[in-house]
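A.B. asks: First the structure, then my questions, so here it is.
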Number of protein chains: 2
Amino acid sequence: MSSSSAAADGPFGSLHLEHTSTVERTAEELRRAIFEGDIESGTALREVALAESLGVSRPTVREALGILVAEGLATREPHRGVHVSTPEADSVRDVCRARWVLEGAGVRRWREADPDLRNAVHEALRAYTDAVAAEDTYQALNSLHLAFHVSLVGLTGSPRLVAMAENLVLELKLALAQVERIARNAHDQADTHIALVRLLDADDVDAALSFLQTHLEDAERSIIRALGH
Amino acid sequence: MSSSSAAADGPFGSLHLEHTSTVERTAEELRRAIFEGDIESGTALREVALAESLGVSRPTVREALGILVAEGLATREPHRGVHVSTPEADSVRDVCRARWVLEGAGVRRWREADPDLRNAVHEALRAYTDAVAAEDTYQALNSLHLAFHVSLVGLTGSPRLVAMAENLVLELKLALAQVERIARNAHDQADTHIALVRLLDADDVDAALSFLQTHLEDAERSIIRALGH
DNA sequence: GTCTCAGAATTGTCAGACAACCTGACAAGG
DNA sequence: CCTTGTCAGGTTGTCTGACAATTCTGAGAC
């Protein structure tokens, strides 16, 4: 696996060509529209309408919808089409519980973790706090905040666990897109994360764990409260 | 959510019609062929060949292949087609490490877990040991063995974690299909699992955890050794 | 032996079509 | 009033056929 900061995967390891298929671009555009709030949760994603609206064929749209369904951002019912998922309180609870399992596993391995991975956590935190200081857009802040949490899972060194965490984060972004007004909390959370990393740097894993747990529980509660209203 | 044993979702809650699409049946048939050993790992899954061989159209095959790729059973390279994944030692290690995180999380929650979930573990174990006693087929034994491990993850009560575990198990089945000769170990493992559940019933979670860890590490080693040959 | 290049094979995407199915409404009958 | 039968409209599931882009293959040139 390529580590961060332009590792040398051969002479041209840093090069990367965006080999994006039409299907992938379609899926990405749908994701953006969902997270941006252009498409409300629950709305039907009609194949023909999307096809002519995006200028692609129906099979392409269909395949892209399959991706979204696999990611949990939408649900497909036979002969009834696919609809954007509506985050229920139950699913938010489940996502947060799963998050705690994955991120906790990462934090528990802080000491044994590869220094590169520990560094990745620091970088993710810095990217987030910088964006907060620069008063970046709401979506950018969200992405960086969640990227930090994923970097915690990265401490396990397991690509599959990271992939799972990224999927969970996608669902969380969907839920957050429903409750834009949490944006003002983003700044407060920056301090919380700094404190967490400080505990880790002091090798106080147990304290970091319980700190993380309460942080995740707080997030769960605040999202559910915002949704329930 | 409907609980087990014919819950009353209205007057006809126990009824359930299998709503299987052609795509799903195609994917299932491919999975069967892979796990059964009809298709070796690494072989190319050509769309037209599969289409006329299965009596379905190319788009249908294509969509089914997309499912397999999403499950990790196959890999797709742009313009080069999809091939059955070849389990590397690295990926087996990763799957087992991820398994440890998920199953460990389940075991850790043994005491707080819903009695139904604890019962599900007992039932999964019994189904497995019964099959071992009846000298069932190799694949059936494998499925039941892995189903037991998934039932441990079920202790978390998180559908998403269970889904992740099921995905990992699929990859493991792919690896095991490559090394049929581990079959004779299945009987020995039954005793191991009985011992694990006995520790749980005694509420000795810590002992169960370390027991599980060594069991998973043993499995990892034996699979990798068998693959490496 | 290595390089180059035309042709075959395969995938990615498209257009059009049809059957199966869901939804809603309306009439018929208890 | 409530249930059932029927029909029209729209949507999905699947098929057929096609074409461009890309990759693989093998023969010929140096």
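A.B. asks: Those residues that are assigned to a loop (DSSP other than H, G, I, E, B), within 16 Å of DNA strand C (Cβ to nearest atom) and either closer than 19 Å to A:S143 by Cα or touching a helix residue (DSSP H, G or I) at 6+ places or on another chain (Cβ under 7 Å) (or both), I need them from region A:18-67; list them, please. Lay out the reasoning, then the answer.
C.D. replies: Of the residues in region A:18-67, the ones assigned to a loop (DSSP other than H, G, I, E, B) are A:18-21, A:37-43, A:46, A:55-57.
Narrowing the set further to residues that are within 16 Å of DNA strand C (Cβ to nearest atom) leaves A:18-21, A:42-43, A:46, A:55-57.
Matches in region A:18-67: A:V56, A:S57.
A.B. asks: If you don't mind, another one. Give the residues of region A:151-161 that are assigned to a loop (DSSP other than H, G, I, E, B) and more than 8 Å from chain B (Cβ to nearest Cβ), sorted by residue number. Break it down stepwise before answering.
C.D. replies: Filtering region A:151-161 down to residues assigned to a loop (DSSP other than H, G, I, E, B) leaves A:155-158.
Of everything in region A:151-161, just one residue is assigned to a loop (DSSP other than H, G, I, E, B) and more than 8 Å from chain B (Cβ to nearest Cβ), namely A:L155.
A.B. asks: Scan region A:162-172 for residues that are at the interface with chain B (Cβ under 8 Å from one of its Cβ atoms) and either in contact with a Lys or Arg (Cβ under 8 Å, 6 or more places away or on another chain) or polar (S, T, N, Q) (or both) and report the count.
C.D. replies: Within region A:162-172, the subset at the interface with chain B (Cβ under 8 Å from one of its Cβ atoms) is A:164, A:168.
Those left that are additionally either in contact with a Lys or Arg (Cβ under 8 Å, 6 or more places away or on another chain) or polar (S, T, N, Q) (or both): A:168.
So the count comes out to 1.
A.B. asks: Take B:A175 and tell me if it is within 14 Å of another protein chain (Cβ to nearest Cβ) and at pLDDT below 95. Steps first, answer last, please.
C.D. replies: Numbers: within 14 Å of another protein chain (Cβ to nearest Cβ): yes; at pLDDT below 95: yes.
When the stated conditions are applied, B:A175 passes them.
A.B. asks: For region A:2-55, name all the residues that are of a type outside the set (S, T, N, Q), at pLDDT below 90 and within 12 Å of DNA strand D (Cβ to nearest atom).
C.D. replies: Result: A:L17, A:H19.
A.B. asks: Further, regarding this structure: Can you confirm whether B:L68 is within 14 Å of chain A (Cβ to nearest Cβ) and out of contact with any Gly (no Cβ under 6 Å at 6 or more places or on another chain)? Outline the logic, then answer.
C.D. replies: On the way: within 14 Å of chain A (Cβ to nearest Cβ): yes; out of contact with any Gly (no Cβ under 6 Å at 6 or more places or on another chain): yes.
When the stated conditions are applied, B:L68 passes them.
A.B. asks: May I ask you to say which residue of A:R108, A:R97, A:R46, A:R62 is within 12 Å of chain B (Cβ to nearest Cβ) and under 22 Å from A:A177 (Cβ atoms)?
C.D. replies: Working: A:R108 fails: under 22 Å from A:A177 (Cβ atoms); A:R46 fails: within 12 Å of chain B (Cβ to nearest Cβ); A:R62 fails: under 22 Å from A:A177 (Cβ atoms).
Exactly one residue qualifies, and that residue is A:R97.
A.B. asks: Can you find, within region A:68-92, the residue that is farthest from A:A177 (Cα to Cα) among those that are assigned to a strand (DSSP E or B) and away from DNA strand C (no atom under 16 Å from the Cβ)? Walk me through how you get there before you give the answer.
C.D. replies: Applying the first criterion (assigned to a strand (DSSP E or B)) to region A:68-92 yields A:74-77, A:81-84.
Then drop every residue that is not away from DNA strand C (no atom under 16 Å from the Cβ), which leaves A:74, A:84.
Working: A:A74: 14, A:V84: 12 Å.
Checking each candidate, the answer is A:A74.
A.B. asks: Here's a follow-up. Please tell me if A:A147 is under 15 Å from the mean Cα position of the chain (by Cα) and over 22 Å from A:S222 (Cβ atoms).
C.D. replies: Details: under 15 Å from the mean Cα position of the chain (by Cα): yes; over 22 Å from A:S222 (Cβ atoms): no.
No.
A.B. asks: Sticking with this one: Only one residue in A:S143, A:S151 is of a type in the set (S, T, Y), at negative phi and modelled with pLDDT of 95 or more, so which one is that? Give the steps one after another, and end with the answer.
C.D. replies: Numbers: A:S143 fails: modelled with pLDDT of 95 or more.
From the options A:S143, A:S151, the qualifying one is A:S151.
A.B. asks: If you don't mind, there's one more thing I want to ask. For region A:136-145, does any single residue satisfy the condition of being surrounded by fewer than 14 Cβ atoms within 10 Å (Cβ to Cβ) and not in a helix (DSSP H, G or I)?
C.D. replies: yes
A.B. asks: Next question. Here are some conditions: (1) more than 30 Å from B:W100 (Cα to Cα); (2) at pLDDT 95 or above; (3) within 14 Å of chain B (Cβ to nearest Cβ). A:P78 meets all but one. Which one does it not meet?
C.D. replies: (2)
A.B. asks: Within region A:115-130, identify whether any single residue is closer than 18 Å to A:L73 by Cβ, among the hydrophobic types (A, V, I, L, M, F, W, C), in a helix (DSSP H, G or I) and more than 9 Å from chain B (Cβ to nearest Cβ), and answer yes or no. Give the derivation first.
C.D. replies: Within region A:115-130, the subset closer than 18 Å to A:L73 by Cβ is none.
No - not one qualifying residue is present in region A:115-130.
A.B. asks: Here are some residues: B:R118, B:R93, B:R108, B:R58. Which one is surrounded by fewer than 21 Cβ atoms within 10 Å (Cβ to Cβ), within 16 Å of DNA strand D (Cβ to nearest atom) and charged (D, E, K, R)?
C.D. replies: Values: B:R118 fails: within 16 Å of DNA strand D (Cβ to nearest atom); B:R93 fails: within 16 Å of DNA strand D (Cβ to nearest atom); B:R108 fails: within 16 Å of DNA strand D (Cβ to nearest atom).
Matching residue, one of B:R118, B:R93, B:R108, B:R58: B:R58.
The values are calculated or read from the model by the stated rules, or taken from the named source; none is laboratory data. Predicted model, so just to flag it, every value in this text is computed and none were measured. Cβ: placed from backbone, ideal geometry, glycine included. Neighbour counts: every protein chain shown.
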